[in-house]
Amino acid sequence: MEPVGSPLTATYTRPRSTATKLLPAISAMASSCKDRFPYYSLPQNSSFPWMTSTYYKPAAINQTLAPFSKSCQGMAASKKLPLISNKPTFIIRYAPDDWYRSNLTNYKESETYQHDAECLRVDTSHMIEDKYQQMEKTQGESTKSVGIRANDIGFWKLELCLELDEMIKETNALTDVKKRVERALAETEPLLQVAQECLLQREKRIGIDQVHDEVEKGLFTEVDVIRSCQQRMQRYLDMAKAQLMSNRVAQHELERDLANKQAAHLIDDKCYNLKNTSDGISYYQGVERVDATISVPESWAKFTDDNILRSQSERAASAKLRENGENLLVVTANEMRSQFSRVNAAFTNRIAETADAKSKIQTHLAKTLQEIFQVEMNVEAIQKAMRDHGPSFKVAQTRLDERTRRPNMELCRDTAQFRLVNEVHEIDETVQSLEQRLRDTEDNLQMLFHAKSILQHELAVKANSLLIDQEKCMGIRKTFPSIARLMGSV
C-alpha cells in the first residue's frame, strides 16, 4: 500500500547476482534471510513533502553465497571427499531432509514475514484511519475555535459600531450646541454696542439733566450683564472645544480598533471557511514557530472594553456639557432680555418724567411771558400816571410861585395857601411813590426776564434730554433680538 501523494515507481530493479550451480550453505541462507529486509528509520521532517522516495527506500537483497571452498574449510581432513574423477557423475552435498528442512524454513520465514507485513499493514491502515479521524477532529476543533473567535470579534465589532455611532451623534450634537453658543455670542456684541452707545449719548445731556438716574444705572448694569454673559459663553466655548477634542480622540481610538476588528474578522472568517479542497492553501514551513502575538484573550477583550468605557465616559461628559450649554443659552438670553426690558422701562419712565417737566416748564414759561407782558403794561401805566401828575404839580407850584408876588399884607397864609402847599406835597409824594413802584416793577420785570431765561434754558435742556432718550437711545433700542437668535437657533 503506497502512502498518499504522488506515486513513484519503486527502485527494485537492481540486477541480481549471477546464479551459481551450487546451493548455498544452510548457515549462509540463514544469515542471508536475516539481512534480506534492512530497517530504515522514517525521516523526522514535519513538512510532509508527500514523496514516496522520502519514506521508503528500495530494499536490496544482498545474498551472501559463500564459495564452496570456503564452506569446506571448516571440515576435518578425515571427512574430505576423495578426488573426483573426470567421470560424469553427480556429487551430492545435502541430504533430502536438509532440502526439505531448508524449504520449510523458508516457508515459515516467508509466512512469518507475511504475517508481520499483514499485521503491519492492518496496523498501518488503522493508524492511518485513526490519524485521519484525529486530523479531522483536530481540524474541526480548530475550525470551531476560529469560528468562536470570529463570533467574539463580531460581538466586539458590533459593540464598537454601536458606541461609535453614539459617539458620532454626541459629537455632532455638541458641535451644534457649540455653534449655537458662538452665534449667541455674536448676537451679544450689538447689544453691548447699543448699551454703550446709549451711555455715550446720555453724556451729551446738559446741566441738571446730567443726573445719575435709574436709566444710567440700568445701562451700566446692562453692560455688566452682557459682558458677564459673554465671559460665560467664552468659557463654555473653551470647554466645548476641549471636550470635542477628547471626543475625537476617543472616536479615533474606536475607529482604529473597529478597523482592526474588521480586518481580523475578515481574516478569521476566511480561515473559518478554508477547507482541504480550498484554493490558496499551501505549505509555510516554520510558520508554527513564529509567535507574533502581542496580546492574550483577556488583554484583547480588556483593550476594546477600555476603549468603549473611555468613549462612554467622554460621551457622558459631552452630554452633560451639552446640557449645560442649553441651560446657559436659556439663562443668558433671559438675563439679557430682562435687563433690556428693565432699561427700556426706565427709559420710558424717564422720558415721561422729562416730558412732564418740559410741559410744566412750557406752562410756567407761558405764564411768565404773560406776566412779563402785564408788568410791562403796568410799567407803562405807572409812567403814564407819573406823566399825568406833572401838569397838576406844575399848576400847584406855579400858583404858589405866583402868590409869592402878592404885595405886603396880601401875603396872607390863608386857606388857599395851605391847600396849595398840601397839594404840592401830595403830588410830590404821589410821584415819589409812583417812582418807587416803578422801580419795584422794573425789578420784578427783571426777575421775570431772568425766570424766563431759566425756563427757556430748562426747556432746551429737557428738549435735548428728550431728543437723546426718546429719539437716539430708544430709536436704537426699539427692537431686541428674539430669544431664538439669542439662543443661537437662527
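General observations
- Of all residues in the range 381-407 being of a type in the set (S, T, N, Q) and open to solvent by less than 70 Å² (accessible area, probe 1.4 Å), the one that is nearest to E429 (Cα to Cα): S392
- Residue count for the range 209-261 under the criterion of being surrounded by 15 or more Cβ atoms within 10 Å (Cβ to Cβ), within 30 Å of F347 (Cβ to Cβ) and either small (G, A, S) or free of Cβ contacts under 8 Å to residues at least 60 places away in the same chain (or both): the result is 4.
- Residue within the range 380-401 that is β-branched (V, I, T), touching a residue at least 40 places away in the same chain (Cβ under 8 Å) and either touching a strand residue (DSSP E or B) at 6+ places or on another chain (Cβ under 9 Å) or over 30 Å from D213 (Cα atoms) (or both) present: yes
- Those residues of the range 332-362 which are touching a Pro at 6+ places or on another chain (Cβ under 9 Å) and either open to solvent by 60 Å² or more (accessible area, probe 1.4 Å) or farther than 24 Å from R227 by Cβ (or both), in sequence order: R337
- Hey, L486 modelled with pLDDT under 90 and either at positive phi or open to solvent by less than 40 Å² (accessible area, probe 1.4 Å) (or both) or not: yes
- Qualifying residue in the range 217-237 (condition: within 30 Å of L160 (Cα to Cα) and within 39 Å of the chain's Cα centre (by Cα)): yes
- Residues being free of Cβ contacts under 8 Å to residues at least 12 places away in the same chain and open to solvent by 90 Å² or more (accessible area, probe 1.4 Å) - total across the range 282-298: 8
- Answer residue from the range 449-473, given it is touching a residue at least 40 places away in the same chain (Cβ under 8 Å), open to solvent by 40 Å² or more (accessible area, probe 1.4 Å) and under 17 Å from N344 (Cβ atoms) and is nearest to the chain's Cα centre (by Cα) among those: K472
- Being modelled with pLDDT under 90 and either open to solvent by less than 100 Å² (accessible area, probe 1.4 Å) or assigned by the TED database to the domain that holds E376 (or both) holds for only one residue in R413, R439, and it is R413.
- Some residue of the range 194-203 being among the charged types (D, E, K, R), surrounded by fewer than 17 Cβ atoms within 10 Å (Cβ to Cβ) and not in a helix (DSSP H, G or I): yes
- Only one of S338, S295 that is closer than 26 Å to E166 by Cβ, modelled with pLDDT under 95, among the polar types (S, T, N, Q) and out of contact with any helix residue (DSSP H, G or I) (no Cβ under 6 Å at 6 or more places or on another chain): S295
- Flag for E323 being of a type in the set (D, E), surrounded by 14 or more Cβ atoms within 10 Å (Cβ to Cβ) and closer than 30 Å to K241 by Cα: no
- Residue count for the range 363-380, restricted to those that are open to solvent by 50 Å² or more (accessible area, probe 1.4 Å), in contact with a helix residue (DSSP H, G or I) (Cβ under 6 Å, 6 or more places away or on another chain) and not acidic (D, E): 2.
The values are calculated or read from the model by the stated rules, or taken from the named source; none is laboratory data. The structure presented is a predicted model; accordingly, all values stated were derived computationally and were not measured. Neighbour counts run over all protein chains shown; Cβ positions are idealised from the backbone, glycine included. Side chains are part of the model used for accessible areas, which takes the heavy atoms of the whole protein and leaves out ligands, DNA and RNA. Shrake-Rupley method; radii C 1.70, N 1.55, O 1.52, S 1.80 Å.
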